[in-house]
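S.K.: I'd like to ask some things about the structure below.
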Amino acid sequence: MRFRRSPRIEWVEDYIYRHLRHGPLHFTLIDPDNQSPREAADLAQAAMDAGSHAILIGGSTLDDPRKMDRLVKMVKKRSGLPVILFPGGSTQVSTHADAVLFMQLLNSTDPRFLVGEQVRGAPVIDKLRMEPIPMGYIVVAPGGTVGKVGKARLIEPNDIDAAVAHALAAQMFGMRFVYLEAGSGAETPVPPRMIRAVKRAVRVPVIVGGGIRDVEAAHDAIRAGADVIVTGTLVEGAVDVHKTLSDLLFSLGEKLKRQVRRRLDIGDDYVHEDTLGGRA
Ligand code: 1GP
């Protein structure tokens, strides 16, 4: 019997890695708890026009699979971007999405978020032939709703070693992304010092979100080494989503370019390219 050396990397993950070669990315988070399907579709289109790279859909509390399905379908129809589920639980799966972040809340104290929801969701994802993207999810204080719902033993902002240890564990488990989360709407985002330490420790891309509300915070995260920044609240509260995101991405543009140049200079590379034989 022949075994594949590693699971097949499918198109959404490949899309992310290909874009990462040119610098950090921005993902727009849509929380189905806070949006009607129509509002979500408008938001997704504005995000695409502004230059965001993917749409994440998910929330900590939604438990209405039909609303989720309608919302994902409308978002998919209106935006040409990959639509990736960022589920709070196994009921948040929709046939219309392109991929799902198959994640483990690594600092949860509840087996449900460590393995229970994943076991419930896996057969559904398999049946739908949806692309799972294995990801270690680490919640940092203040943690917000996800910290509470996910029963996280929050990592304190100054506990850099704990963040690094969780990220290393994720990588050793074979997860292909690490997500440092301060919680949606967090007063304070993940500290740059923590991002920097995690980025140095792991070879997989580092996603950072929670409380990134302005260019400064986004820039700090990117300068510290974030490969992907995620914003949700920023656009939810915006009068003009397109303008808000365009302004953010435009001002990051120049900074991102400098960051890319630095990366090229130091020959930074991603672990997946070894496993893909340079496919990305
Ligand atoms: C939440 O990290 C995301 O999972 C986004 O947070 O809503 O604060 O942008 P914000």
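S.K.: Please name which of 87, 46, 134 has its Cα lying farthest along the dipole of region 1-136 towards the positive end, using unit charges on Cβ (Lys, Arg +1; Asp, Glu -1) and the Cα centre as origin.
M.R.: Toward the positive end, the furthest listed residue is 134.
S.K.: Right, something else. Quick check on packing: order 68-77, 204-213 by the mean number of other C-beta atoms within 10 Å, highest mean leading. List each step's numbers first, then the result.
M.R.: On the way: 68-77: 20.9, 204-213: 24.6.
Per-residue mean Cβ counts within 10 Å order the peptides as 204-213, 68-77.
S.K.: On to the next question. Using Cα pairs closer than 8 Å and at least 6 residues apart in sequence, work out the relative contact order for the chain, in percent.
M.R.: Details: 551 pairs, mean separation 47.7, N = 280.
Value for the chain: 17 percent.
S.K.: Can you give me the Cα centroid spacing of region 26-55 and region 132-154 in angstrom?
M.R.: Between the Cα centre of region 26-55 and that of region 132-154, the gap is 22 Å.
S.K.: Would you list the membrane-span-like helices of the chain, meaning whole DSSP H runs whose alpha-carbon atoms span at least 18 Å along their axis and whose mean Kyte-Doolittle value is at least -0.5?
M.R.: On the way: long enough: 37-50 (20 Å, -0.26); 65-78 (20 Å, -1.30); 160-173 (20 Å, 1.27); 241-266 (35 Å, -0.43).
Answer set is 37-50, 160-173, 241-266.
S.K.: OK, next. Is the shape of the chain best called rounded, prolate or oblate, per the rule: a/c under 1.5 gives rounded, else a/b larger than b/c gives prolate, else oblate, with a ≥ b ≥ c the square roots of the Cα gyration tensor eigenvalues? Kindly include the intermediate steps, with their values, before the conclusion.
M.R.: Details: a/c = 1.17, a/b = 1.03, b/c = 1.14.
Because its axes are fairly even, with a/c under 1.5, the chain counts as rounded.
S.K.: Taking the Cα-to-Cβ direction at residue 18 and at residue 127 and moving 7 Å from each Cα, how far apart do the two end points lie in nm?
M.R.: Between residue 18 and residue 127, the simple spin-label model gives 3.2 nm.
S.K.: Taking only DSSP H segments of four or more residues, each worth -39500 (n - 2.57), what value at 222 nm results for the chain once the sum is divided by all its residues, to the nearest 500 deg cm²/dmol? Mind showing how you got there, number by number?
M.R.: Details: 11 runs with 126 residues, N = 280.
Calculated mean residue ellipticity at 222 nm is -14000 deg cm²/dmol.
S.K.: Taking each pair of distinct Cα atoms in region 150-197 once, what is the resulting Kirkwood hydrodynamic radius in Å? Show your work: numbers first, answer last.
M.R.: On the way: mean 1/r = 0.0864 Å⁻¹.
For region 150-197, inverting the mean 1/r across all distinct Cα pairs yields 11.6 Å.
S.K.: Follow-up question, since we're still on this one. Which value, in debye to the nearest 20, gives the size of the charge dipole of region 11-267 about its Cα centre, when Lys and Arg are +1 and Asp and Glu are -1 at the Cβ? Show your work: numbers first, answer last.
M.R.: Values: 32 positive and 29 negative charges, 141 e Å.
So the magnitude is around 680 debye.
S.K.: Same structure, new question: Using Cβ contacts closer than 10 Å as the measure, can you line up 108, 94 from fewest to most?
M.R.: Details: 108 21, 94 24.
With the sparsest Cβ surroundings first, the list reads 108, 94.
S.K.: If each residue's Cβ is checked for other Cβ atoms within 10 Å, how do 13, 181 rank with the fewest at the top? Walk me through the numbers on the way to the answer.
M.R.: Working: 13 22, 181 26.
Lowest to highest Cβ neighbour count: 13, 181.
S.K.: While we're looking at this one, here's another question. If we sort 28-39, 136-147 on the protection proxy, mean other Cβ atoms within 10 Å, highest first, what's the order? Can you show the working numbers first?
M.R.: On the way: 28-39: 19.2, 136-147: 23.4.
Descending mean neighbour count gives 136-147, 28-39.
S.K.: Here is a follow-up. Restricting to DSSP loop positions (anything but H, G, I, E, B) with no more than 13 other Cβ atoms inside 10 Å of their own Cβ, which trypsin sites (Lys or Arg not before Pro) remain in region 95-134?
M.R.: Details: sites: 112, 120, 127, 129; in loops: 129.
Passing both the DSSP loop test and the Cβ count: 129.
S.K.: Continuing with the same structure: Treat the count of other C-beta atoms within 10 Å as a stand-in for reagent exposure and order 15, 179 from fewest to most. Don't skip to the answer; put the middle values down first.
M.R.: Details: 15 19, 179 26.
In increasing order of surrounding Cβ atoms, one gets 15, 179.
S.K.: May I ask you to derive the FRET efficiency for residue 39 and residue 161 from their Cβ-Cβ distance with R0 = 51 Å, giving the value to the nearest 0.05? Could you put the intermediate results ahead of the total?
M.R.: Values: r = 42 Å, r/R0 = 0.81.
For residue 39 and residue 161, the calculated efficiency is 0.80.
S.K.: Of the lysine pairs in the chain, how many meet both conditions: Cα atoms under 28 Å apart, and a spacing of 8 or more in sequence or different chains?
M.R.: For the chain, the number of qualifying lysine pairs is 18.
S.K.: If you don't mind, another one. Roughly how compact is region 195-242, stated as its Cα Rg over 2.2 N^0.38 Å to two decimals? Provide the component values of the computation, followed by the final result.
M.R.: Values: Rg = 12.0 Å, N = 48, 2.2 N^0.38 = 9.6 Å.
Region 195-242 yields a ratio of 1.26.
Where a number appears in this text, it was derived from the coordinates with a stated rule and is not lab data. Source: prediction; values computed, not measured. So basically every Cβ, Gly included, is an ideal-geometry build from the backbone, and we count neighbours across all protein chains shown.
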